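The values are calculated or read from the model by the stated rules, or taken from the named source; none is laboratory data. These numbers come from a predicted model, not from an experiment. Cβ: placed from backbone, ideal geometry, glycine included. Neighbour counts: every protein chain shown.
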Amino acid sequence: MLESKEQSTQIQDHLHELSTALESGAFVRVRRMLNALPAPTIAHLLESSPHTAREVLWQLVEKNNEGEVLNYLNEDIQADILGKLSPEEVASLTEGLETDDIADILQMLPEQVIYQVLLAMDEQDRNRLESVLSYPEDTAGGLLNTDTITVRRSTTLDVVLRYLRRHNEIPHMTDNILVTSKDDHLVGILPLRKLLVSDPNLTVEEVMITDYHAIPVGMSEREVAQLFERMDLVSAPVVDQDGRLLGRITIDDVVDVIRDDAEHSLLGMHGLDEEEDTFAPVLKTSKRRAIWLGINLVNAFIAATVISRFSETIDEVVALAILMTVVANMGGVAGNQTLTLVIRSMAIGQIGRTNQRWLMNRELQVAMLNGVVLATVAGAVATLWFSDLKLGIIFATAMIINLFTAALAGAFLPLFLKSMKIDPALAGSMAMTTVTDVVGFLAFLGLATVFY
């Protein structure tokens, strides 16, 4: 945590220094300062700059460094930059990047532009990219990197070592050498930790591991991330349905999946895109948020319509106007607690058909227990506050009803939305607010109308 704070402070210092130099027109100094930084830091500085300053900074990034910097930018900014480049410039910019990273960048472009970019590449790079682009982005195929080291099982370890020494470097995140047959079927893995300490005269077959985790190319990226987390993997081979080796997935790409999923769950509940540019122009940001705010406005009118049906009761008992928001608010908080728990459990694969009913029963029991306790306290306070026992009982009863409904909705909504192919993280919170507001107002004002 201390290191993270120190890094954040350094980045803010760099940003302040660069901003001062830009304002003074010292572009040569800015270029020198900017390109002396690591690519991830440059990307962070670009993301932390207003869009006008960002455009100037991007122009000052050295050409041979643009591809790596682009790789660390969020998708929103990547799309803005790529939209201003020709296919030839995109092909040149991505040269030297890993296959999976290039595929991620290209997938943000229109199909016709992707085709033109591929034509601008050499044949070997084009073939590799086409194989990755043929798989959906959110599957193992979309994450795989074709840059691997493979050996035959009949080879001696001495030959393998001599083969490795012929290279200036081995692929990034290589912890295992993949063992394949003549027809490219994966038959085992040779960990570097075993290769380096074993007798060089042994064959690969004598040392390799046959009990390994091969990932089917169609596995979802979320399941891939769960497997890496559960098995503490650094890399894993990816195979097709016939067991042929296609490439591998490395932990750095899995970390991106986990981070994106966490950001999506957090920001999606408030109608924001996890890749949204913090410093995007006003109109662009306004358009994105207006849709979500418009939906919320409709929900607010629904709740207001319910309240309007009981206007005469509210006029007679003014205390209802004071207390009704408490009922709705308590339901909203309780419902979002359950909703967040269920969405998180779904994201990490803990909820299935066998335990859905148990979880729902547990949440209802918790809601009933908390409802009774909190409603008793709240009812007593309302009774003493307004000197009206009847009002206190109505208030407590409405709170129990809404807390129970909130727990039911919080457990059921994510499962229902997922079955309808709707993202629970994006739509769940809005639906929950509508349910708790409507039920809360309806229960409280409806009971008040009956008893008063």
| remark: Of those in segment 379-399 that are surrounded by 21 or more Cβ atoms within 10 Å (Cβ to Cβ) and within 16 Å of MET330 (Cβ to Cβ), the residue nearest to the chain's Cα centre (by Cα) is MET399
| remark: Those helices (runs of 4 or more DSSP H) completely within segment 1-56 that have 2 or more residues that are of a type outside the set (S, T, N, Q) and modelled with pLDDT under 75 are 2-23
| Counting just the residues of segment 207-228 that are free of Cβ contacts under 8 Å to residues at least 40 places away in the same chain and either more than 27 Å from ASP183 (Cβ to Cβ) or of a type outside the set (A, V, I, L, M) (or both), which one comes out surrounded by the most Cβ atoms within 10 Å (Cβ to Cβ)? | ALA225
| request: For residues that are among the hydroxyl-bearing types (Ser, Thr, Tyr) and within 33 Å of the chain's Cα centre (by Cα), tally how many sit in segment 166-207. | output: 1
| task | Only one of these is surrounded by 19 or more Cβ atoms within 10 Å (Cβ to Cβ) and either of a type in the set (D, E, K, R) or out of contact with any His (no Cβ under 9 Å at 6 or more places or on another chain) (or both): LEU45, LEU22, LEU97, LEU70. Name it. | result | LEU70
| request: Would you check if ASP138 is assigned by TED's automatic domain parsing to the domain that holds ALA39, over 21 Å from GLU62 (Cα atoms), surrounded by fewer than 17 Cβ atoms within 10 Å (Cβ to Cβ) and not hydrophobic (A, V, I, L, M, F, W, C)? | output: yes
| Taking into account only those residues within segment 141-170 that are touching a residue at least 60 places away in the same chain (Cβ under 8 Å) and not in a helix (DSSP H, G or I), which is surrounded by the most Cβ atoms within 10 Å (Cβ to Cβ)? | LEU144
| Index of the failed condition, LEU109 passing every other in (1) surrounded by 14 or more Cβ atoms within 10 Å (Cβ to Cβ); (2) touching an Asp or Glu at 6+ places or on another chain (Cβ under 9 Å) | (2)
| request: Pairs only if they're at least six apart or on different chains, beta carbon under 8 angstrom, first in segment 437-452 and in contact (Cβ under 8 Å) with a residue 60 or more places away in the chain and crowded, with 21+ Cβ neighbours inside 10 Å, second part of a helix (DSSP H, G or I) and aromatic (Phe, Trp, Tyr); list them, first residue then second. | output: PHE444/PHE395
| query | Say we look at segment 57-87 and pick out the residues that are at pLDDT below 85 and of a type in the set (D, E, K, R); which of these is farthest from the chain's Cα centre (by Cα)? | reply | ASP76
| field | Selected residue [farther than 18 Å from ILE170 by Cα and either among the hydrophobic types (A, V, I, L, M, F, W, C) or surrounded by fewer than 16 Cβ atoms within 10 Å (Cβ to Cβ) (or both)] from VAL238, VAL234 | value | VAL238
| Which one of VAL117, VAL113, VAL187, VAL197 is among the hydrophobic types (A, V, I, L, M, F, W, C), in contact with a helix residue (DSSP H, G or I) (Cβ under 9 Å, 6 or more places away or on another chain) and within 26 Å of LEU233 (Cβ to Cβ)? | VAL187
| request: Output the number of residues of segment 61-78 satisfying the condition of being among the aliphatic types (A, V, I, L, M) and either part of a loop (DSSP other than H, G, I, E, B) or more than 15 Å from LEU93 (Cβ to Cβ) (or both). | output: 2
